[in-house]
Every structure is written in C-alpha cells, then in structure tokens.
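The values are calculated or read from the model by the stated rules, or taken from the named source; none is laboratory data. Predicted model only: the values in this text are computed from it and were never measured. In this analysis, Cβ positions are derived from the backbone assuming ideal geometry, glycine residues included, and neighbour counts consider all displayed protein chains.
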Amino acid sequence: MEIIQERLEREFKINIILTIPSIELRITDKKNEVKYIKSASEIPDNSRMYKIEEPIAEVKIKTKSVYIGKIINICMDNRGILKDQTYITKEEIKLTFEIPLNEIVFNFFDKIKNVTQGYSFIDYEVTKFEESKIVKLKILINGKNIDILSMMTHKSKAYVLGKKICEKLKKVLNKQMFEIGIQAAIENKIIVKEKINSINKNVTSKCYGGDISRKKKLLQKQKEGKKRMKKVGNVEITQEAFLSIMKL
C-alpha cells in the first residue's frame, strides 16, 4: 500500500487520499424503504432506521490440515461460522465458512497467510445479506469528529477497536501547547477517552525571588492562553499517523 502510494505521488504527481476500507450495507427505514450505503457517514440514526443488514460471504480455504486449528480460531474471531470441512488428501483440507464481508476487508487474508506460512488458497463470494448490529464508530479530536477515521463495525467489537485507535493516536500525534482530547464514540455515546498532555513551558523561570503573586499571575495567564489555543487550535493528523491506524 505504501509503495503504491509513493509511486503514484512521485511518478504521476497525484495527491492520494487513503480511506478506511468499507462495504455496502442494506438499510431499511421505518417507512419500509430500502437503500444501500457505502460509508459510515451515511448510516442514519436509530430513530429513522428499522434494521441494518450486512453482506455475508461464503469463504473457502484450502490448506494443510496441520493449520486447521489456527484457521478456525481466526475465522471464529471474525464472526465466522464453520459450514463444512472436507479432506482432499491426508495432508490437505478444504474449509468452508460463512463470514461477514466487513470482517474480511480488514487484514483477514494476511492473518490466514501468516498462520499457514503462505500454504493456503482463499476464495470468497457474497451470498446473502443478514440483519446485524453494525454501528458507526466515530473518532473525535478535541470534540471534533474526524470523518475520515469513521468506520462501520459490529457493536461487539466497537470498544476494542475504538480503544486501539485512541491509544495509537495518543502515540503518533505530536504534542501541542494545549491538551489534546481523543475520544471514540458510537450513537453519540463516548466509549473511550484518551488525552495528550500539553507541552509545559516554565513561564516563571525568569522570576527570581520577589512577590509570589507575580508568579501566580503568570501561571494564570498561561492557563487562560492554553484554553484559547485549545478552542482555535487545529491538530494535524499526518499521513504516517493515518497509515498506522489503518494497519490496526
């Protein structure tokens, strides 16, 4: 991904915008009207939505039988259901799962290839839609929704994923002169909170002795200044930071 991005930018002078992988969901509103959406920003609130359905894929994996336990664990962790297993030979096996497509687009193939050391063949086909508890996971920086980081995920995984993203942002974002609040939210409810402390500057370093009230005034002025900066300050999310989140 990074190599392709770099070559496009260098050879064709194209500014690339990377986004979180997404799938097509089927939404039925309370008027019984059906529509398809492709991004988290299009998910309506619960007051207007009757049900939400996600695509389910039939996934076939051919591999060596020695890896069967590890593959089943990965598929189960990705909300998969084992439908069939057939031994092709004594050493080779074909496994058939039903797995939500939303789980496949996030590093599923890499996980399978890693545990099988590359000795696997994977094929999938979307076969149906099923009702599911898909939610919009929002990431907020200082209370501002960062739409490009919003994603569709199952409600059971929202907290863990939100916590990982917030912790990663805490590590990769640069410190500012004001405190940075990082939050993850679903359905307007904050589920994870992190913060990056501000850069401390000793404004009293040149005050030698004298009245303590002068130092207090300087510290109070600094505190008020940081509050103003927080209101108008913009936090830059670098391309490197965004890539590190996508790798989660």
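Restricting the search to the stretch 239-248, which residues are touching a helix residue (DSSP H, G or I) at 6+ places or on another chain (Cβ under 8 Å), exposed (fewer than 13 other Cβ atoms within 10 Å of the Cβ) and modelled with pLDDT of 70 or more? Before you say what the answer is, go through the steps one by one.
Applying the first criterion (touching a helix residue (DSSP H, G or I) at 6+ places or on another chain (Cβ under 8 Å)) to the stretch 239-248 yields 240-245, 248.
When the remaining residues are screened for being exposed (fewer than 13 other Cβ atoms within 10 Å of the Cβ), the result is 240, 248.
Selection gives Glu240 alone.
In this structure, is Ser132 in contact with a His (Cβ under 7 Å, 6 or more places away or on another chain) and within 28 Å of Met76 (Cβ to Cβ)?
On the way: in contact with a His (Cβ under 7 Å, 6 or more places away or on another chain): yes; within 28 Å of Met76 (Cβ to Cβ): yes.
Criteria met by Ser132.
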Practice task
Among the strands (runs of 3 or more DSSP E) lying completely within the stretch 1-79, list those that include at least 1 residues that are among the polar types (S, T, N, Q), modelled with pLDDT of 85 or more and not assigned by TED's automatic domain parsing to the domain that holds Thr153.
Solution key: 25-29, 49-64
Practice task
Return the only residue of Ile112, Ile165, Ile180, Ile141 being crowded, with 17+ Cβ neighbours inside 10 Å, touching a strand residue (DSSP E or B) at 6+ places or on another chain (Cβ under 7 Å), among the β-branched types (Val, Ile, Thr) and assigned by TED's automatic domain parsing to the domain that holds Phe97.
Solution key: Ile112
Practice task
Could you run through the stretch 57-93 and say how many residues are surrounded by 13 or more Cβ atoms within 10 Å (Cβ to Cβ), farther than 23 Å from Val105 by Cα and basic (Lys, Arg)?
Solution key: 1
Handout entry: Candidate set from the stretch 191-206 (those that are modelled with pLDDT under 80 and among the hydrophobic types (A, V, I, L, M, F, W, C)); member that is farthest from Leu169 (Cα to Cα)
Key = Val203
